[in-house]
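Asker: For reference, the structure I am asking about is given below.
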Amino acid sequence: MKKISSLFAIILFLLNTDAQTWVDSLSSFAHEKYLPAQKFKWTWVNAPLLRATVLQYEFSNGDAKNYYLSYIQKAMDNKAIRASGTRPNTVAPAHGFAFLAKVLGQDKYAKLAAKIYADYLKIPRTSVGGITHLARTPELWDDTMYMIGVFLLEMYRYSGDEIYLDELMQQFQIHREKLL
């Protein structure tokens, strides 16, 4: 009985609305203090926050949804001119373009996403076709799967074209076989 009471207390604690307030506070800090949209840099380091913002948009409604969309749009517009997909590191944040193309239906974001994909296709590969970070010494890194994965998955979500899923699965298989 004591175990059931403890479990029930934990569940009530986790369901408490203060948990949502804490998440909102963390999100506000991340978007307003840690990395405001106008300071977004085109690098893999910032891609996870951008991905989290996309997810927050997808699970929100009303004003919150508009807030997250505005952040994503400002961050992407701020870096659109210099955005490239010439390395796995620079492919990761481009999922923002595909997301905006899907949500807003604006051709400019579709063109930017397509440009990144064209760059991606030119990234050096290993002898077995795996995307590499280093052209002179081809290596496969596990973090590559995140960097290219968020972009290729969002490209599929935007376009419905399975070519992006096929590429992602091919890279996954190549990386898995080598890294095991």
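The values are calculated or read from the model by the stated rules, or taken from the named source; none is laboratory data. All values reported here derive from a predicted model rather than from experimental measurement. Here the Cβ positions follow ideal geometry from the backbone for every residue, glycine too, while neighbour counts run over all protein chains shown. Just so you know, the surface numbers come from the protein's heavy atoms only, side chains and all, with ligands and any DNA or RNA stripped out. Shrake-Rupley method; radii C 1.70, N 1.55, O 1.52, S 1.80 Å.
Asker: For segment 81-180, what % of the accessible area comes from carbon and sulfur atoms, probe 1.4 Å?
Answerer: C and S atoms contribute 55 percent here.
Asker: Same structure, new question: How many nm separate the modelled label positions at Thr43 and Tyr146, each set 7 Å beyond the Cα in the direction of the Cβ?
Answerer: Rounded to a tenth, the inter-label distance reads 1.5 nm.
Asker: Can you compute the helix-only [θ] at 222 nm over the chain? Use -39500 (n - 2.57) per DSSP H run of at least 4 residues, normalise by all residues, nearest 500 deg cm²/dmol.
Answerer: After summing the helix terms and dividing by residue count, I get -21000 deg cm²/dmol.
Asker: Give, to the nearest whole percent, the P(r) tail of segment 74-180 beyond 23 angstrom, counting all Cα pairs.
Answerer: 24 percent
Asker: Contact order normalised by length for segment 99-180, with contacts defined as Cα pairs under 8 Å and 6 or more residues apart; what percent is it?
Answerer: Result for segment 99-180 is 27 percent.
Asker: Sequence gap at least 6, Cα distance under 8 Å: using those rules, report the relative contact order of the chain to the nearest whole percent.
Answerer: Relative contact order, the chain: 17 percent.
Asker: Taking N as the number of residues in segment 27-90, what value does Rg over Cα atoms divided by 2.2 N^0.38 Å take?
Answerer: With N residues counted in segment 27-90, Rg over 2.2 N^0.38 Å equals 1.10.
Asker: In straight Cα distance, which lysines are under 23 Å from Lys41, not counting same-chain residues fewer than 8 positions off?
Answerer: Lys33, Lys65, Lys74, Lys79, Lys102, Lys108, Lys111, Lys115, Lys122
Asker: Further question on the same structure: Roughly how compact is the chain, stated as its Cα Rg over 2.2 N^0.38 Å to two decimals?
Answerer: 1.21
Asker: Distance between the C-alpha centers of segment 50-93 and segment 113-180? Whole Å please.
Answerer: 20 Å
Asker: Using a 10 Å Cβ count of at most 13 others and DSSP loop calls, identify the longest part of the chain lacking such trypsin sites (Lys or Arg not before Pro).
Answerer: It runs 137-180.
Asker: A follow-up question, please. With θ taken as phi - 60° and the coefficients 6.51, -1.76 and 1.60, list the Karplus ³J(HN,Hα) couplings across segment 33-40 in order, rounded to whole Hz; mark glycine and proline as x.
Answerer: With coefficients 6.51, -1.76 and 1.60, one gets 10, 5, 8, x, 3, 5, 9, 4 Hz.
Asker: With +1 on the Cβ of every Lys and Arg and -1 on the Cβ of every Asp and Glu, and nothing else charged, how large is the dipole of segment 92-180 about its Cα centre, in debye rounded to the nearest 20?
Answerer: Around 260 debye, computed over segment 92-180.
Asker: Tell me the per residue accessible area of the chain using a 1.4 Å probe; a whole number in Å² is fine.
Answerer: That works out to 60 Å² for each residue.
Asker: Can you list the HN-Hα couplings for segment 174-179, worked out from phi with the Karplus curve (6.51, -1.76, 1.60; θ = phi - 60°), rounded to whole Hz and with x for Gly and Pro?
Answerer: For segment 174-179, the Karplus-derived couplings read 4, 5, 4, 4, 6, 7 Hz, x marking Gly and Pro.
Asker: Under the rule that an exposed site lies in a DSSP loop and has at most 12 other Cβ atoms within 10 Å, name the longest stretch of the chain with no GluC sites (Glu not before Pro) of that kind, not counting the sites themselves.
Answerer: In the chain, the maximal stretch lacking such sites is 1-138.
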